[in-house]
Structures are given as C-alpha cells and as structure tokens.
Amino acid sequence: MTEEKPDYSKTVLLPRTDFPLKAGLAEREPKQLKAWEEQGIYKKLRALRKGAPKWILHDGPPFANGDIHMGTALNKTLKDVSVRYKSMRGFDAPYVPGWDCHGMPIEFKVLKDWPKDGPAKTPSEIRKRCRAEAEKWVARQKEEFKRLGVWGDFDAPYMTMSKEFEAHQLDAYWELVRKGQIYRDLKPVYWCTHDQTALAEAELEYQDALSDAVHVKFELAASSAEKLGLAPGKSFFLIWTTTPWTLPANIAIAANADFDYAAYAVEGEAWVLAKGLAAKAFSLMNREEAPAVLWEGKGRELEGLSYQPFLLGGLKDPAKHHRVALAPYVTLDAGTGLVHTAPGHGADDYVTGMRYGLEVYCPVDGAGRYVDSVGEDRLKGLKVSDPNTNLAVMALLTERGMLAHHEKLSHSYPHCWRCKHPIIFRATEQWFMSLEKNGLREKTLAEVAKVQWVNAWGADRMANMMKDRADWCISRQRSWGVPIYMFYCACGNWHFDEACYKQARGIVEKEGSDAWFVDARRFLPAGARCSQCGSADLKPGTDTIDVWFDSGSSHLAVLEARPELQWPADLYLEGSDQYRGWFQSSMLVAVGARGAAPYKAVASHGWVLDAKGHAMHKSAGNAIDPLQVMKAYGADIIRLWAASQDFMDDDRISEDILKRQAESYRKLRNTLRWLLGSLEGFEPAHDSLAIEDLKPIDRWLLAEAEAMLGRVGKAMDSLSYYQAVSELLQFSSTQLSGLAVDIHKDTLYTLARRDPARLSAQTALYRCLQVLVRCLAPILPFTAEEAWSAMPAAWRGGVESVHLASWPEAQPGLADAGLAEDFSLLFGAVRPVVTKQLEEERAAKRIGHPYDAEVVLAPHSKALYKLLSRHEQSLAQYFVVSKVSLEPAAPRDGKELAPEEVRITVSQQPKCERCWRHIEDVGSHAGHPGLCGRCVQAIAQ
Ligand SMILES: [Zn+2]
Ligand SMILES: [Zn+2]
Ligand SMILES: [Zn+2]
C-alpha cells in the first residue's frame, strides 16, 4: 500500500508579476515613447505643475548638422535627469530644447554640395538651401533625442533661425547698439583665408605646426647708433619671429622698459638684444655665447630709437614709424627681448600701435595674399599661408643682409575649426562688442562672482577668461547668419537708430532676417538720414553676426520671451569647452543688455573618451555610436552609463563598459521584479502595519531605505548623479538582493497570506519598491515606467505615470539608530562568519540545504551575547537555517565582534515537506504528517 504524498507546492505563495525578467529595451522603449505621446504625459505634467515654483534649465543649442554622438547623448541625458528630478521635487520645470541653425558648418556644406547646373550663389539662394539643411538635421536630431528618453517641448523647440528668435535677438542687438556697446574698427582679428571670414576665439583649434623661425637684423639709423655710442651702419636690433611673412608689415620693435639690454660685438658688427636672452640666442645661432659687450642699458633707453625699415609698402606716414616702442608683454621666455611689431597682424602689436599712434598696417588681402602695394614686386600676390612665401621673404632678407639665422620650429598654432587650415591675424574693419564701454568687463566679473559654479574651478576659469579676453569681434563675412543691421554712409558714418530698429523689428517679426538679403532698403524707415552728414544715401552693410551672438542671446529670445519660462535660468549644463563659448557669449550679452548674469548656476561635463582615455574617432575604430547602442541595449543603458559618470571629469565609454552597465541594469531589474512579485496581492491601505508592529528586520530595512533616500536626494541636489546611482544600485544589491530576498523568502512564500510577519515584511518591501522606482524615474525613465505600470492601481495612488508622481517623501520617523547598530553587527560581522561556515559544510557535503543545519553560537564578548540574545528568536531566519542556539558568553570579555565559535551540526529533526525547515513538531499534526505546525496553520487559512 503506497501513501500518496499531498502536493503542497500550490499552497506556497511564490512571487507573481507581469514585469518580465528579460528587458528587451530596444523593442520596448519605442512603444513606451508612443504611449507617452498618446497619453500626453509631458503636457499633463505641465498642467499638474502649473503655478508651482519654476526651475529652468536652459538648453545650450547643439548645431543642426550631423547625427548625435556620445557627447551629445551624455549632455542631453544629464539635462533630462536634472529636469525630471526637479519636476518630481514639485517644481514646474519645462524643458525647451533648442538648435543653433546659422553658421559656417552648414553654409560650408551647402556650398560644397552646390549642383553644377544650380542657380547663381546669391545670398538669398544660399540661405534658402542652408535653412533646408538645418531643418533636415533639426528634425533628425529631434527624433534621436526623443529616442534617448529626453523629455521636453519638442513640438515648439527654439531655433536660432526662426522669426521669433531673430526678432528677440534684434532686441538684444539694439539694446547693445543703443548703449554704445557695439563699434566698428580696423583691428587684427583671427582670419581664415580659406573661408575668408573673421573667426572667434571659440572657433579656433590649436594644432602643432612646423614654422620658420628667423632671427632678423634691423639696422639702427645713424643718429640712433651714435646715441648708444655704436658705429653707424654696423649696428643692429636683433628680433626673432616665427611668422616671417608678417615682416613686410613691421613698423615697430617692442622692448621691455625694465629689462637689461646690451650691444654685442659680432663679426665687426654690434647686435642689440636683451642680456637675459643673449646666451640662449647666440647658442641657438651657433655662435660664441659671450661676445664682448659694446653698450649696455635699460630697455627704456631704447625707446624712440629708429631703424631702417625692411619694406615701406603702402604706409601712409612712414616718417613716424620704425622706432622702438615699450611694451609690458615683452618677456624673456623666448626670442631676443626685442619683439617685431606689426599692428595689422597681432593683438598685442595692435595695442602697442594704438599707444604710439601707429598705423594699423596690413598689406594682406582677404584671400591671404600680399596686396600690390606690399613694397616689393616679387612678393605681390603671394599667398602668405604658402610655405614658399616665407622662403621668398627670407631670400629678400638675405639679399639685404638682414637674416641672421633660420631654423624650423614646431609649435602650437591656431587653425580654423571648420576647414582646418592655419589661420592668420589680419587687420580688417570689423564690428566689435566693447568690454570697456559702460564698464562691461568689471560688471561681468562681478556677475561671474555671483554665479554658483558647480565645478569648483569654474569660477576661476570664467573670471580669468573674462579678465584676459579682447573685445568681442561679432562680424562675419558670410551669408548664413543674422545680418548686422547697419547702414553705411559715404561720409564714413554707420547708421542704425531707434527708427531703424522699429522698422527692422516689424519686418523681422513677420518675415525673418531673410528679408534683409532680399531687399535691405526696406529696413530703412522713410526719410532716414545719416546722423553725421544728413545724406539720404545709406547703403546696407553686408556682414552677418557671429553665431555665438545668436546662441548668446537665447536667454533673452527664449527664457525672457516665453511665458512658461523665466529669466535668468537656474542652470546651464554643457561641455567644458563652453567656458570660452556659450557660457561666455551668453554672459556678455546678458550683462550688456540686462546688467546681470543669465544663469544662477553653471555645471560642465568633460569629454567622452574611450576606455584608455583617448579621444573617439571613427578612423581610430574606437567610436561608440549612441544610435547603435540604443539599438543593441536600449536608451536606459546609455542613460545608466551617463548618470554613472562623475561627469565633471572626462567620461569613458567602450563596449566592455557598456556590457558592465547592462549587467548592473540586469541585477537592478531582478530586484525590481522580485519586489513586485513578492508584494502581489498586497493592499497598502489595508495590509500595511504600523511601524511599532513591524518586526525588527523590517524596521531596519525601512531605516536603511530612509538613510539611502536621504543620501540620494543630497547627491541629486548637488548634481552628483553618479553618487545617487551608486547608492541606488548598492541598496538594491546589498540590503535588498543580498539580505532581504534571502531572509524573507521563507516568510513571504510559506506563511499565510495575512500572517503578521508576512505583512510586516511586505510593509517594508512596499516602501522600498516605492522609493526605488521613484528614485530611478529621472535616470531610467523607461524601466521605472515599466515597473510603475506593473503595479496595481492602488500602489500608484491613481497616478497613471511615474513621471507624474512625486519624489519619495522623507519619513524621518523611520530612522532608528539603535537598530542600525544591532544590524550592522548582525549582518556586517556575525552573518558572514556563519554563512562562510555553512558554505564549507555544504562544500564538504555534510549538509545539502542550509535548512539541514543547526547553528550554535558561543560568543566570547558579553556585549555580543546580549545583542544576539535580543534577536534570538529571529536568528534562524536571519541566517536561513532551521535552528540557532546561543551559548553563554565565555568568561573573557574580549572586544571581538564575531562569535569566537560557531558550531554547525546536521539537524536531527524531521524536515517539513512544505517549508523545508527541520522542526521538532513535524509529524505531530493530524491529517498533515509531513508538515510543521506553522505550515499546518498557514494552509488552514
Ligand atoms: Zn576656415
Ligand atoms: Zn553721412
Ligand atoms: Zn513547514
């Protein structure tokens, strides 16, 4: 006769949830995006937060050319995490994405792709094609950002080429013109001869280049030589330069007033240079390092001495040039302490030229060629960037006995960011924004000091840049940009007054700045006359404004102009290259037009590099394409990576790093799934226990969750998202997956559904789930929403999306210092010792399941014995064994935390068929011979 064993498996409450183990993000996320769109969640959030205090992150507009890359993905993710977090914190935090649409990259591409049989390249035609090109990329990047889970007003983004934007930018421009901040001047500017336009500092890239370094002798005029007691006709100033092609523009030599100079006897001649550089210079020229000194004196004694020019060229008043000037920037770093000075080709030179009333002389045209009046027929028309031009200049110097030495020198030289050609410094008439007028530089520095620079070094970097920077050259000689609205009169005056502004405002508002390129005369109000000479013959200027002025006005054109936003922004968050770019241009426009900074706080992130710290290049094969990553892993994996970076440093990414992120994600997902499943059927309103009715382990879990929540909130507030991620992952893997899952399995699976111990566990786990899902929402919006959707309506409090929910409220009452201390010893010191021995027993095959074991603890510390006694009834549960007994503390009162002795024996008790524990009372219950008393009770309910 065989007895059929009853099947108890159906009476066990195993976790149940629809939240799948396998993420399948690549397929799931696009569906989620569609659902959000259909539900109008972003709009619902706006309605929900209406009237709440605003928190505005102002988007730095990416250029509308090309697909997004890892750097853009990092930037947009960090912004999105910030905005979502502040929204959950109860702020009204709308995000208006923007695009920088004008500028050379697009114009360059359009001109390159111009069809052979296409229309003439008029500004209007160029602009039409540029606009279409920009529109194409805005549409594409928009979808890419959305795919990344970036939330915002994508139906109404800001674009610097839109009429509305251009109209508000015109307001800012007029405000600056009105205040006299904008002026026109002949000044040396960075100039790309290839693109034939002025460039801003931010448009330069420094690369090593091989230059011709030359030592050149300028003969002292006879009277000047005599003044120093030197022989006329045989005495020379020795200068050093790495740009021989600028020598035709030489009109002065600069010396430092305080340096010691000397005339040295060299082959029957006298060479004048700084004493501090003499040994170095002579050694470089392979000469005797300490020739005899014929004269010595301070630099100030040289001031005004004159010398024979190299070329006279088209100088208007040659008689007052070719003298020694004094300048503080002359250093003893390199050269000879006598600096070749050409105000038409250098910023410092220009300043010196201004002080001495010298001509801003520049014999080089826009294409980078010597003009006909350069002063030497053999140089006419030569392109200065052509290496042969330096050779031609050196040949001339040699003919005239002026070349003392020549060598090749590798040094860092600015190149055009767009076409990669080396740039030159060239004097042209340009529009500038003055940093001196109205004390703009000082006001800006005062505003910089008020801003909260999240990167500790940000304040210094910005302040130093503002201290040192030259006036802002805002004009460009291109077609694809906002015009510099100005009219030129033959008398030399430039005209743009309030009437012009009003006229322009009306047109730009309706038609955009395109109208200027069709017929700029419409921008002149009827009866306009030159303010200087009264002439009505005013001609429109042809310059466009630096695109950094476009984006630099965005705070006015977007934050100030849109009712849902506010000025100034709470946060600007961009790559660290923006200290010299957008952070700076925005600051200058804001202080110039409004007298205050456009942002309250600024944070910057580093570059995205490969695992070894190298820049990513398609050609190097180390580039990671975010669009591919989203296809392979999903957007939440990129976001997890982005948020895990200590972003103020450089950020590393590689296939391996992504795989590790995916693994962290998988573990986190498992924990979420277990929580959802274990809480199945839990009704918070009905089943939650009061804190005082909870088991100690559950009170501890709540206290841990509370402490974690506090740290996560702090980290999020300080933009240390990586710390928040680390806290969340740590809590998920340690307190939950490592302890709670293990310890509570028995409670959750085998006790009766409404057993107080089971409800106690669920009360704590429910709070953990809520905290975890909500804290993850800004970082992993897709996964958090998926978990939210897997919750019954009652858990969601009727809120349809986690992104409409609030950040978990702190519950200070949950903290429990005493419990924290007990459990840190129990789980930090005792449990690992027990677990380790159990593993050894299992490895030695003395036990199978830990429930086969009984544990005896015999601590040698009284304190530990007391602590263990307090939890004696629960120790078997905590260690997941069938029984734990305590033996009194041994007489020694040692300080050790772990029990000195752990004895493990194989349980001799019968095993319960349902809960697998070995318990004495198994077999003593009528009708259930294989069950323990607890299980008999459980199945009876
Ligand atoms: Zn260029
Ligand atoms: Zn005039
Ligand atoms: Zn049992």
>> Being closer than 22 Å to E785 by Cα and under 15 Å from the mean Cα position of the chain (by Cα) is the filter here; which residues of the stretch 626-670 pass it?
In response: R639, W641, A642, A643, S644
> If you check G335, G366, G357, which single one turns out to be crowded, with 19+ Cβ neighbours inside 10 Å, among the small types (G, A, S) and either within 17 Å of P244 (Cα to Cα) or at pLDDT below 85 (or both)?
Replying inline: G335
> Counting only residues that are of a type in the set (A, V, I, L, M, F, W, C) and touching a Cys at 6+ places or on another chain (Cβ under 8 Å), which one in the stretch 732-750 is nearest to R84 (Cα to Cα)?
Replying inline: L736
>> Looking only at helices (runs of 4 or more DSSP H) that lie completely in the stretch 570-657, which have at least 2 residues being touching a Ser or Thr at 6+ places or on another chain (Cβ under 6 Å)?
In response: 582-594, 635-644
>> What are the pairs with Cβ atoms under 6 angstrom where one residue, in the stretch 624-635, is at pLDDT 95 or above and the other, located anywhere, is small (G, A, S) and not in a helix (DSSP H, G or I)? Sequence gap at least six, or different chains.
In response: A635/G149
> If you go through the stretch 249-271, how many residues are out of contact with any Gly (no Cβ under 6 Å at 6 or more places or on another chain), not hydrophobic (A, V, I, L, M, F, W, C) and not in a strand (DSSP E or B)?
Replying inline: 4
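Please indicate, with yes or no, whether at least one residue in the stretch 495-514 is more than 20 Å from Y173 (Cβ to Cβ) and either assigned to a loop (DSSP other than H, G, I, E, B) or away from ligand 1 (no atom under 16 Å from the Cβ) (or both).
No, because not a single residue in the stretch 495-514 is more than 20 Å from Y173 (Cβ to Cβ) and either assigned to a loop (DSSP other than H, G, I, E, B) or away from ligand 1 (no atom under 16 Å from the Cβ) (or both).
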> Taking the stated definitions as given, is G848 free of Cβ contacts under 8 Å to residues at least 40 places away in the same chain and at positive phi?
Replying inline: no
> Given the conditions (1) away from ligand 1 (no atom under 16 Å from the Cβ); (2) touching a Phe, Trp or Tyr at 6+ places or on another chain (Cβ under 9 Å); (3) outside any helix (DSSP H, G or I), which single one is not true for A459?
Replying inline: (3)
> When the residues of the stretch 80-114 are filtered to those that are of a type in the set (A, V, I, L, M) and in contact (Cβ under 8 Å) with a residue 40 or more places away in the chain, which remaining residue is nearest to ligand 3 (Cβ to nearest atom)?
Replying inline: M88
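Quick grid of which residues meet (1) crowded, with 22+ Cβ neighbours inside 10 Å; (2) in a helix (DSSP H, G or I); (3) at negative phi:
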position	(1), (2), (3)
G66	no, no, no
T72	no, yes, yes
K76	yes, yes, yes
D80	yes, yes, yes
> If you scan the stretch 229-246, which residues turn out to be outside any strand (DSSP E or B) and under 42 Å from the mean Cα position of the chain (by Cα)?
Replying inline: T242, T243, P244, W245, T246
> Residues of the stretch 370-424 being assigned to a loop (DSSP other than H, G, I, E, B), over 45 Å from the mean Cα position of the chain (by Cα) and touching a residue at least 24 places away in the same chain (Cβ under 8 Å), which ones?
Replying inline: G375, E376, R400, G401, M402
>> Suppose the filter is in contact with a strand residue (DSSP E or B) (Cβ under 9 Å, 6 or more places away or on another chain), among the hydroxyl-bearing types (S, T, Y) and either surrounded by 17 or more Cβ atoms within 10 Å (Cβ to Cβ) or part of a helix (DSSP H, G or I) (or both); does Y85 pass it?
In response: no
> Considering only the stretch 466-493, how many residues are more than 16 Å from ligand 1 (Cβ to nearest atom) and either assigned to a loop (DSSP other than H, G, I, E, B) or in contact with a Lys or Arg (Cβ under 6 Å, 6 or more places away or on another chain) (or both)?
Replying inline: 13
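Regarding the stretch 827-849, can at least one residue be identified that is hydroxyl-bearing (S, T, Y) and either within 16 Å of ligand 2 (Cβ to nearest atom) or over 59 Å from the mean Cα position of the chain (by Cα) (or both)? Break it down stepwise before answering.
Filtering the stretch 827-849 for residues hydroxyl-bearing (S, T, Y) gives 835.
Filter again for either within 16 Å of ligand 2 (Cβ to nearest atom) or over 59 Å from the mean Cα position of the chain (by Cα) (or both), leaving none.
No, because not a single residue in the stretch 827-849 is hydroxyl-bearing (S, T, Y) and either within 16 Å of ligand 2 (Cβ to nearest atom) or over 59 Å from the mean Cα position of the chain (by Cα) (or both).
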> Just wondering, is there one or more residues in the stretch 429-445 that are more than 16 Å from L186 (Cβ to Cβ), hydroxyl-bearing (S, T, Y) and either in contact (Cβ under 8 Å) with a residue 24 or more places away in the chain or in contact with a Leu (Cβ under 9 Å, 6 or more places away or on another chain) (or both)?
Replying inline: yes
> If you scan the stretch 519-567, which residues turn out to be within 16 Å of ligand 2 (Cβ to nearest atom) and hydrophobic (A, V, I, L, M, F, W, C)?
Replying inline: L524, A528, C530, C533, A536, L538
> Out of curiosity, is R767 more than 26 Å from the chain's Cα centre (by Cα) and modelled with pLDDT under 95?
Replying inline: no
> Given the conditions (1) closer than 30 Å to G297 by Cα; (2) surrounded by 17 or more Cβ atoms within 10 Å (Cβ to Cβ), which single one is not true for P232?
Replying inline: (2)
> Just checking, which of E692, E663 is at pLDDT below 95 and part of a helix (DSSP H, G or I)?
Replying inline: E692
> Looking only at residues in the stretch 580-619 that are of a type in the set (K, R) and within 18 Å of the chain's Cα centre (by Cα), which one is nearest to T72 (Cα to Cα)?
Replying inline: R580
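Residues checked against (1) within 13 Å of ligand 3 (Cβ to nearest atom); (2) within 22 Å of V741 (Cα to Cα); (3) modelled with pLDDT of 90 or more:
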residue	(1), (2), (3)
S874	no, yes, yes
V884	no, yes, yes
P888	no, no, no
A898	no, no, no
V902	no, no, no
V906	no, no, yes
C912	yes, yes, yes
C915	yes, yes, yes
R934	yes, yes, yes
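Rundown of residues vs (1) within 16 Å of ligand 3 (Cβ to nearest atom); (2) farther than 30 Å from P123 by Cβ; (3) surrounded by 13 or more Cβ atoms within 10 Å (Cβ to Cβ), yes/no style:
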{"site": "T398", "(1), (2), (3)": "no, yes, no"}
{"site": "L403", "(1), (2), (3)": "no, yes, yes"}
{"site": "H411", "(1), (2), (3)": "no, yes, no"}
{"site": "S434", "(1), (2), (3)": "no, no, yes"}
{"site": "L445", "(1), (2), (3)": "no, yes, yes"}
{"site": "N455", "(1), (2), (3)": "no, yes, yes"}
{"site": "G458", "(1), (2), (3)": "no, yes, yes"}
{"site": "M466", "(1), (2), (3)": "no, yes, yes"}
{"site": "A470", "(1), (2), (3)": "no, no, yes"}
> Quick one: what pairs do we get from the stretch 911-939, first residue without any contact (Cβ under 8 Å) to a residue 60 or more places away in the chain and closer than 15 Å to Y851 by Cα, second within 16 Å of ligand 1 (Cβ to nearest atom) and of a type outside the set (F, W, Y), C-beta under 7 Å, 6+ apart or different chains?
Replying inline: none
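Would you check which residues across the stretch 198-229 are over 30 Å from E301 (Cα atoms), in contact with a helix residue (DSSP H, G or I) (Cβ under 7 Å, 6 or more places away or on another chain) and buried (at least 20 other Cβ atoms within 10 Å of the Cβ) and list them? Explain how you work it out, then say what you get.
Narrowing the stretch 198-229 to residues over 30 Å from E301 (Cα atoms): 198-212.
Checking the rest, the ones that are also in contact with a helix residue (DSSP H, G or I) (Cβ under 7 Å, 6 or more places away or on another chain) come to 200, 202, 212.
Residue satisfying the conditions is A200 alone.
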>> Whether any residue in the stretch 586-602 is polar (S, T, N, Q) and either out of contact with any helix residue (DSSP H, G or I) (no Cβ under 7 Å at 6 or more places or on another chain) or touching a residue at least 60 places away in the same chain (Cβ under 8 Å) (or both) is what I want to check.
In response: no
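The values are calculated or read from the model by the stated rules, or taken from the named source; none is laboratory data. Because the structure is a prediction, the values reported are computed rather than measured. Here Cβ is always computed from backbone atoms with ideal geometry, including for glycine, and neighbour counts include all displayed protein chains.
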